[in-house]
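Undergrad: Handing you a structure now.
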Amino acid sequence: RDVQAVWSARDAVTPITCQPHPQNNGKLVHAMCDLSNFALFHDFVGLRRLSPKSVTGVRLVRHVQVYQWHEDYSVKYRTDFVHGGLVTENDYTYSKIWSYTFENSDNFVKPTTCALTRNHGAPCENFDPAKQPWWKHGPDLLQLGHFEVGKSEQVKFGDFDLPLEFVNQIGQVPTTLRPLCDFPLWSSGDEWCDVIVNSSQSVRVHEQYIHYLRVENRTVPLTTDAPGDVRLRYTLHSADTATVLAQQIENRSFAPWLPHADMDEATNIFVIRDEWAGADALIEDAL
């Protein structure tokens, strides 16, 4: 840590209000202000029936997983009594898991072991969601993994405009939303949604998840997870207030501040934290 840079930053900090003033341009400023100008994330499957307040924030992230067979292995050693020494062997085991990436069961090393030991003799087959007809033609276009599907790009910090780098950091402790069925319903309206695409898939909402259930050749009840099922959940990232430590620029926004001119640009102070954070703590984090 550059001690000189830390002390230079501490000496340079200027506390400010939530209204920009030209005399602070170029200075290292520190303030806690209310955040505003959030986005309404209402037009997403499962969120349309929720209250506007519950789906208003800075960023919306969608998390999508597939239920599938998973192959794992461990290395075991045994004594070779004929030739002497140790022989290494890979011991393959199989289980069903929720995963953010698809695993092709055609590549399993010992598929017969999986079938006989874990699936009553039936093949341990995984179903690629991207190859199922409902994947691109259901209520929403899906992808496995974590994806930011919505963001407010004009968040206000008091009367300041927040740069996108700061917007991407707001809401470090996200809220998990509780979706509801919001397309044609049958049975229990809040839990079971319509069967779509000629009954090849059913949709169920349970707690934080929307489950897209593979119906074709299904051998377990719809309430039991089966390979090929997909589930998604949403997290909403937001905060009421935040603290900024950065250089004030253009009398309206923020940019990185360098402790001294000959420093590497990678060593700068450009920090935002949810709620309150002291200047000294933010300097320690940055440098």
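The values are calculated or read from the model by the stated rules, or taken from the named source; none is laboratory data. Predicted model, so just to flag it, every value in this text is computed and none were measured. Here Cβ is always computed from backbone atoms with ideal geometry, including for glycine, and neighbour counts include all displayed protein chains. For accessibility, only protein heavy atoms count, side chains too; no ligands or nucleic acids. Shrake-Rupley method; radii C 1.70, N 1.55, O 1.52, S 1.80 Å.
Undergrad: Name the residues in the stretch 228-271 that are of a type in the set (Val, Ile, Thr) and out of contact with any Ser or Thr (no Cβ under 7 Å at 6 or more places or on another chain), would you?
TA: Those that are of a type in the set (Val, Ile, Thr) and out of contact with any Ser or Thr (no Cβ under 7 Å at 6 or more places or on another chain): Val230, Thr241, Thr243, Val244, Ile249, Thr267, Ile269, Val271.
Undergrad: Suppose we filter Arg48, Arg78 for residues that are in contact (Cβ under 8 Å) with a residue 12 or more places away in the chain, open to solvent by 70 Å² or more (accessible area, probe 1.4 Å), among the basic types (Lys, Arg) and out of contact with any Lys or Arg (no Cβ under 7 Å at 6 or more places or on another chain); which single one remains?
TA: Criteria check complete, one pass: Arg48.
Undergrad: Of the conditions (1) touching a Leu at 6+ places or on another chain (Cβ under 6 Å); (2) closer than 30 Å to Leu177 by Cβ, Tyr77 fails just one. Which one is it?
TA: For Tyr77, the exception is condition (2).
Undergrad: Can I ask one more? Any idea which of Val66, Val61 is part of a strand (DSSP E or B), in contact with a helix residue (DSSP H, G or I) (Cβ under 6 Å, 6 or more places away or on another chain), under 30 Å from Phe127 (Cβ atoms) and open to solvent by less than 50 Å² (accessible area, probe 1.4 Å)?
TA: Numbers: Val61 fails: in contact with a helix residue (DSSP H, G or I) (Cβ under 6 Å, 6 or more places away or on another chain).
Val66 is the lone residue from the list that is part of a strand (DSSP E or B), in contact with a helix residue (DSSP H, G or I) (Cβ under 6 Å, 6 or more places away or on another chain), under 30 Å from Phe127 (Cβ atoms) and open to solvent by less than 50 Å² (accessible area, probe 1.4 Å).
Undergrad: Related question: Of all residues in the stretch 175-213, how many are in a strand (DSSP E or B), within 18 Å of Leu142 (Cα to Cα) and modelled with pLDDT of 85 or more?
TA: 6
Undergrad: Okay, moving on. Of all residues being among the hydrophobic types (A, V, I, L, M, F, W, C) and surrounded by fewer than 21 Cβ atoms within 10 Å (Cβ to Cβ) in the stretch 25-44, which is farthest from Val6 (Cα to Cα)? Just the residue, please.
TA: The qualifying residue farthest from Val6 (Cα to Cα) is Phe44.
Undergrad: Any residue in the stretch 258-275 that is more than 11 Å from Ala286 (Cβ to Cβ) and modelled with pLDDT under 75 sitting within a Cβ distance under 8 Å of a residue that is open to solvent by 40 Å² or more (accessible area, probe 1.4 Å) and in a loop (DSSP other than H, G, I, E, B)? List the pairs, counting only those 6 or more apart or interchain.
TA: Close Cβ pairs satisfying both conditions: Met263/Asp2; Glu265/Pro256; Glu265/Leu258.
Undergrad: Here's another thing I want to ask about it. Looking at (1) in a strand (DSSP E or B); (2) open to solvent by less than 50 Å² (accessible area, probe 1.4 Å), can you tell me which one Ala122 breaks?
TA: (1)
Undergrad: Pull up the stretch 157-166, narrow it to residues that are open to solvent by 60 Å² or more (accessible area, probe 1.4 Å) and either in contact (Cβ under 8 Å) with a residue 24 or more places away in the chain or in contact with a helix residue (DSSP H, G or I) (Cβ under 6 Å, 6 or more places away or on another chain) (or both), then point me to the one that is nearest to Arg59 (Cα to Cα).
TA: Ranking the qualifying residues of the stretch 157-166, first place goes to Glu165.
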